[in-house]
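> Quick one: this structure, given as structure tokens, is what I'll be asking you about.
Throughout, read-outs are computed from the coordinates displayed, never taken from laboratory work. All figures in this text were calculated on a predicted structure; none of them were measured in a lab. Here Cβ is always computed from backbone atoms with ideal geometry, including for glycine, and neighbour counts include all displayed protein chains.
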Amino acid sequence: GENVEQHPSTLSVQEGDSAVIKCTYSDSASNYFPWYKQELGKGPQLIIDIRSNVGEKKDQRIAVTLNKTAKHFSLHITETQPEDSAVYFCASTDKLIFGTGTRLQVFP
Amino acid sequence: GAGVSQSPRYKVAKRGQDVALRCDPISGHVSLFWYQQALGQGPEFLTYFQNEAQLDKSGLPSDRFFAERPEGSVSTLKIQRTQQEDSAVYLCASSLLGISAGGQGYTFGSGTRLTVV
């Protein structure tokens, strides 16, 4: 079955810096790659997604890139703010196979 | 409703006890998913419903786990004879379209935290 690896597991940045989280997947048939943000005590919230026919997608300070050949996709957050602090999960396939998560801390 | 609602928010069960977890999806949403999230881990897929049909239950860890969605709206996840390894947050998600429409944004509830003692 599909396997998704995510790194780093923790990431600390200064407010205003950029943060990058990377994922790799195993199933070459996967064609949907969302990113979720999870705050303490809450369910995951979709922040951005990308489909296999697109290489990059941007929404304000958040961007996702996809390299289907290498089976890599990445989340880029620019101009980080303290409220960006949370756990971020990548996922793939229609029924969502999640990565292990990245705890992002943004220090003011 | 405005979002996906799950109840109870917290559940403590004695080992061997049966539990039932409820999910109220967004009204009109066709797809409903259940996930299990262990502490410090990503959510793991359990099962998927399209309306009242359970189309995929490949993630259910054992035959002690059972899910239903009899009228295509509210869903219940039942765990029989709970064991300590069942302790986790159980998340429900729904989406407007069926899974055959391709990947789409799923709305998650806040989950039920189950602790088996």
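> Could you pull out every residue, at least 5 positions away or on a different chain, whose amide H is within less than 5 Å of the one on residue B:83? Hs are placed 1.01 Å off N in the peptide plane, and Pro or chain starts have none.
HN-HN under 5 Å from residue B:83: B:16.
> Label residue A:51 and residue B:10 with points 7 Å out from Cα along Cα→Cβ: what is the distance between them in nm?
In this crude label model, residue A:51 to residue B:10 measures out at 4.3 nm.
> Same structure again: Per residue of A:18-25, how many C-beta atoms from partner chains lie within 10 Å of its own C-beta, taken as a mean?
On the way: counts 0, 0, 0, 0, 0, 0, 0, 0.
The shielding value for this peptide is 0.
> Here is a further query. With a sphere of radius 11 Å drawn around the Cβ of residue B:104, what net charge do the other residues whose Cβ falls strictly inside it have (Lys, Arg +1; Asp, Glu -1)?
-1
> Which of the peptides A:3-12, A:99-108 is most tightly packed, and how do the rest follow, going by the mean number of other Cβ atoms within 10 Å of each residue?
By packing density, highest mean first, the sequence is A:99-108, A:3-12.
> Can you give the three extents of the C-alpha atoms in the protein assembly as shown along their principal axes, from longest to shortest, in whole Å?
Per principal axis, max minus min of the Cα coordinates gives 49, 37, 33 Å.
> Taking each residue in A:89-101, count the Cβ atoms of any other chain within 10 Å of its Cβ, then average. What number comes out?
Mean shielding by partner chains, rounded to a whole number: 6.
> Cα centroids of the range B:47-83 and the range B:88-117: how far apart, whole angstrom?
That distance is 12 Å.
> Another question, then. Could you give me the radius of gyration and the Dmax of the range A:55-107, taking only the C-alpha atoms into account and expressing both in angstrom?
Rg then Dmax for the range A:55-107, in Å: 12.3, 35.
> How large is the Rg to Rh ratio of the range A:27-84 when both quantities use alpha carbon positions and Rh follows Kirkwood?
1.01
> A follow-up question, please. Using the Cα centre of the range A:7-64 as the reference point, and only Cβ charges (+1 on K/R, -1 on D/E), how large is the resulting charge dipole? Debye, rounded to the nearest 20.
Computed about the Cα centre, the dipole is about 100 debye.
> Taking a label point 7 Å from the Cα of residue A:62 along the Cα→Cβ vector, which residues of the range B:70-104 have an amide N closer than 12 Å to it?
The answer is none, because no backbone nitrogen lies closer than 12 Å to the label point.
> So what's the convex hull volume per residue for the Cα atoms of chain B, in Å³?
Hull volume over Cα atoms, normalised by residue count, gives 95 Å³.
> Rg and Dmax of chain A over Cα atoms: what are they, in angstrom?
Using the Cα atoms of chain A, the pair Rg, Dmax is 13.1, 41 Å.
> Which pairs, out of A:58/A:95; A:37/B:14; B:14/B:57; B:14/B:78; A:42/A:68; A:42/B:14, put more than 21 Å between their alpha-carbon atoms?
Distance filter (> 21 Å) returns A:58/A:95; A:37/B:14; B:14/B:57; A:42/A:68; A:42/B:14.
> Within 10 Å, count the other beta carbons around each residue, average over each peptide in A:54-63, A:32-41, B:69-78, and list them highest first. Walk me through the intermediate numbers first.
Numbers: A:54-63: 12.8, A:32-41: 18.8, B:69-78: 16.1.
So the peptides A:54-63, A:32-41, B:69-78, ranked by packing, come out A:32-41, B:69-78, A:54-63.
> Find the centroid of the Cα atoms in the range B:1-21 and in the range A:55-87, then give the distance between the two in whole Å.
Going from one Cα centre to the other spans 33 Å.
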